[in-house]
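FYI, it's all coordinate maths here, none of it is from the lab. Nothing here was measured: the structure is a model prediction, and the numbers come from that model. Glycine gets a Cβ as well: all are built from the backbone with ideal geometry, and neighbour counts include every protein chain shown.
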Amino acid sequence: MTDKRVNGSAVVTSPQNTVEGFVKEFLRELSFGQGVTLERASVNDQYLALARTVRQYLMARWLETLQRQREAQAKSVAYLSAEYLLGRQLDNALLATDLTEVVEEGLASLGIELQTLRDQETEPGLGNGGLGRLAACFVDSLATMSVPCIGYGIRYDYGIFRQTFVDGWQVEQPDNWLALGAPWEFPHPEAAVTVHFGGRTETYDDEGVERTRWVHDWDVLGVPFNYMVPGYQNGRVNTLRLWSAKATQAFDLQIFNSGEYVDAVRAQTFAENISKVLYPEDSTPQGKELRLQQQYFFVACSIKDFVDYVLPEDFDLHRLPERIIFQLNDTHPVIAVPELMRVLVDEKKWDWDEAWAVTQQCFAYTCHTLLPEALEVWSVELMGRLLPRHLEIIYRINEEFLAEVAAKHPGDDALLERMSIIAERPERSVRMAYLATVAGSKVNGVAALHSDLLRDKVLPDFSAYWPDKFTNVTNGVTPRRFVRLSNPALSELITEAVGVGWVTDLERLRGMEPLADDQEFREKFRAVKAHNKERLSTLLQARDGITLPADAMLDVMVKRLHEYKRQTLKVLHIVTLYDRVLRGELDPATMQKRVFAFGAKAAPGYHMAKQIIGLINHVGATINDDPRLGGALTVVFPPNYNVTLAETLIPAADLSEQISLAGKEASGTGNMKFALNGALTIGTDDGANVEIRELVGDDNFFLFGLLEPQVADLVAAGYQPGRYYEEDPALKRAVDLIASGTFSGGDGSVFAPLVQNLLTEDRFLALADYRSYIDAQDRVDAAYADVEGWTRSAILNVARSGFFSSDRSMWDYIDRIWHTPPVVSR
Ligand code: CBF
């Protein structure tokens, strides 16, 4: 159902919120939906029937939300994001409807365990990492806060690849997440929209006005698939609309008519490829044509959807900024800017200036990176071939913008070159971040430090030109999924301490602070951690055959594999501990027992990242099997880290590794999840670590490493990693152990590229931070030995991390950027 088709008030009523009411609907869904009897139903049948039953409880709220929104004519957020890393839906829907107990009991009365059906769900992995997961947290928060929002994105047939290890090396498998059915989506092929590509432009005379039209070459249909985004027990359900590409009739017919049946079918596949697969790059996008097709495809569908279907038919588009703010989640959807201009100028026949005035008010841009290579640029050649009209529009936006800059800074050609949306070197290309900055009403970074660096280092000319355009909104995570659902034991303890309201008002966690000094509470807190470790242990055993030793500190590093995140530094720590034991400096019987848990996917074409994965697994295999360690150190690396695994892994962690080089991680959100679940952070002064440390306090955070200005100075002075290697014997031994083949069956060549890179380039200064990191880890060991002190710090981490709720992030966006108040129930 697209919004417009819901006329009158909602007529759907929810099934009864009782065990009997649920069982009746569930059995109906089994027989009428799945066509099976309870006796013959497979687990998948049961799961699908359950999901469809739970959907029913949300349906009336969904229809009512849409109705209310239309009546209120309220301003909405349209979150444009190429990625949504949603995680499993069932539990979230049960929580939102407060149905968990009813369902558990109802299923039990039929001899079915809810947990079995939970485990049947394949999570939709429609994102790479932090950015996609953030989008999912944001839409959850907006629904919970009753703020109108439509999330727009792509329904990839294949999400992020499934990672397996063969002999310790990453091997990718396709993620066929739709294979067993997708009960949470509502396809609407009848509401498909057409998207054009290619061709050329031409001018024509429109009653005395010269206008341009796009004579496109080929097109594709965008079919909307709607997903419910339920608020937490507030009767609101927002919409996530993901677009799937389908070949158009016209496209097929041209070829069919020439009698080339096989070619016609192949051509269909070509068009449908657009939404076939998620690009698995995180932070370093590849400038591939298909990716630009994906980007344009979903934003063109979304703008058309909003303008033609969501808004009333007679809506005066001059008032568009009163009804919408398109939030650009990174540069991926930025092509939406020239698309809206094209719609207004070419289709609606507006003057350029009035179109530009409206467009500028309708967009805001969030930058999520500090890596220059992650700021997308598209070659003019490609853009001109795929989207010729958009390229013209971008040229004109640029021309007018540069004329304005030139008027303010006459004669400063260097400034014009620096600020131009079009780069001339190494090839003529469109700088999408610049386009977003010129067009957006606001530009924000995602943590305080990141926003400062964005202003001062990434876009300094723009921030000098428009100081008020730049702002910060520190990221957040949803407490519903990442505490309430993923950590039931801690949730219970929190509720016991501060009451129930914390789930939607996370600052209430502050109420726990005094309890950090309460011996009895600390014991309960430790019991929660112990329980979560056991839960993790059971999961890893069943999932991967991994056995976790008991009584060890759980030291966790989970995030995408990227050199700037410095998993290698973590490995150097592990190898150093190993070396210390072998040299007799540490006694395995008395040293702090640790389990090092990793989770990380490497982009399939990122060879160094794959080397690092291989290294972690090889080091793990050697250390885990070495009897001289007596089990004091264990490395585990469960493959295919995803949202579902995070939900069990994070609550069990004692130590959170956030060790990126200062000035490289925009924010991080894993760091927030760990702190909220009572892990202490060892981290650099980077991204949101800075704010975590400020809030939880220096005593409850292990800081190490160079600060961002020191990094800049060191690099400017000419960083020589070899010097650190020569001057620190422990570092030298650790690197030599890797180089000698100790972890690769005596074959030193296996990790030679990695070692060579560390000693000669080390772009992310792992060797420079090694000593400080090792010292900080020694402080961690000492602190962990003080059981009561550690627990106190862990409780304070939870109590002081309420700021990191994505609800707070949303209020900040509303206040600083969107101005979209909640629409409350009548
Ligand atoms: O802002 C959300 C996250 O986005 C990234 O994952 C990204 O893809 N650019 C950043 O790397 C994270 O720092 C950030 O937390």
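Considering the stretch 172-236, its Cα convex hull presents a mean projected area of 10.2 nm².
With bins 10 Å wide beginning at 0, the percent of Cα pairs of the stretch 659-736 falling in each bin runs 17, 39, 28, 16, 0.
How much space per residue, in cubic angstrom, does the convex hull of the C-alpha atoms of the stretch 549-665 take up?
Values: hull volume 13.0 nm³, N = 117.
Looking at the stretch 549-665, the number lands at 111 Å³ per residue.
Our summary of shape: the Cα atoms of the stretch 237-377 have principal axis extents of 50, 43, 36 Å, ordered from largest down, in whole angstrom. Its relative contact order, with pairs defined as Cα atoms under 8 Å and 6+ residues apart, puts the stretch 318-378 at 50 percent.
Using R0 = 56 Å, the C-beta based FRET efficiency linking SER420 and VAL824 works out to 0.75. Taking the charge dipole of the stretch 543-787 about its Cα centre, with +1 at Lys and Arg Cβ atoms and -1 at Asp and Glu Cβ atoms, the residue from VAL595, VAL575, PRO639 reaching farthest to the positive side is PRO639.
Judged by the mean number of other Cβ atoms found within 10 Å, the most tightly packed of the peptides 396-406, 121-131, 788-798 leads the ranking 121-131, 788-798, 396-406. Summary of the geometry: the stretch 131-189 and the stretch 763-808, compared by the centres of their Cα atoms, lie 31 Å apart.
On alpha carbon coordinates alone, what is the Rg over Rh value for the stretch 543-787, Rh being the Kirkwood radius?
Looking at the stretch 543-787, the ratio lands at 0.93.
Counting charges near HIS216 (Lys, Arg +1; Asp, Glu -1) among other residues having Cβ under 14 Å from its Cβ returns a value of -2.
Over all directions, the projected convex hull of the C-alpha atoms in the chain averages 37.6 nm² in area.
So what's the projected area for the stretch 126-228, the Cα convex hull averaged over all directions, in nm²? It is 12.1 nm². Taking Cα centre as origin and charging only the Cβ of basic (Lys, Arg, +1) and acidic (Asp, Glu, -1) residues, the dipole magnitude of the chain rounds to 920 debye. Charged neighbours of TRP818, selected by a Cβ distance under 15 Å, balance to +2 (K, R count +1; D, E count -1). The shape of the stretch 751-826 comes out oblate: with a ≥ b ≥ c from the C-alpha gyration tensor, a/c is at least 1.5 while a/b does not beat b/c. Alpha-carbon geometry of the stretch 685-793: the Rg and the Dmax are 17.0, 47 Å, given in that order.
The alpha-carbon positions of the stretch 476-609 define a convex hull whose volume is 175 Å³ per residue. Long hydrophobic helices in the chain: the complete DSSP H runs spanning 20 Å or more by Cα along their own axis with mean Kyte-Doolittle hydropathy of at least 0.0 are 130-144, 289-304, 567-582, 607-625. Restricting attention to the chain, close to 45% of DSSP beta bridges with both partner residues there are antiparallel.
A straight line joining the Cα centroids of the stretch 435-490 and the stretch 14-90 runs 33 Å.
How do VAL54, VAL77 line up, fewest other C-beta atoms within 10 Å first?
Details: VAL54 28, VAL77 25.
Ascending Cβ contact count within 10 Å gives the list VAL77, VAL54.
Which ordering of ILE692, ILE574 is given by a fewest-first count of other beta-carbon atoms within 10 Å?
Details: ILE692 27, ILE574 21.
Ranking ILE692, ILE574 by Cβ neighbours within 10 Å, fewest first, gives ILE574, ILE692.
Electrostatic tally near ILE325: other residues with Cβ closer than 15 Å to its Cβ, Lys and Arg +1, Asp and Glu -1, net +3. For the stretch 517-583 versus the stretch 307-376, the inter-centroid distance based on Cα atoms is 46 Å.
Ordering 188-198, 700-710, 88-98, 668-678 by mean Cβ neighbour count within 10 Å, with the highest value first, yields 668-678, 88-98, 700-710, 188-198.
Normalising the average separation of contacting C-alpha pairs (under 8 angstrom, six or more residues apart) by the number of residues puts the relative contact order of the chain at 13 percent.
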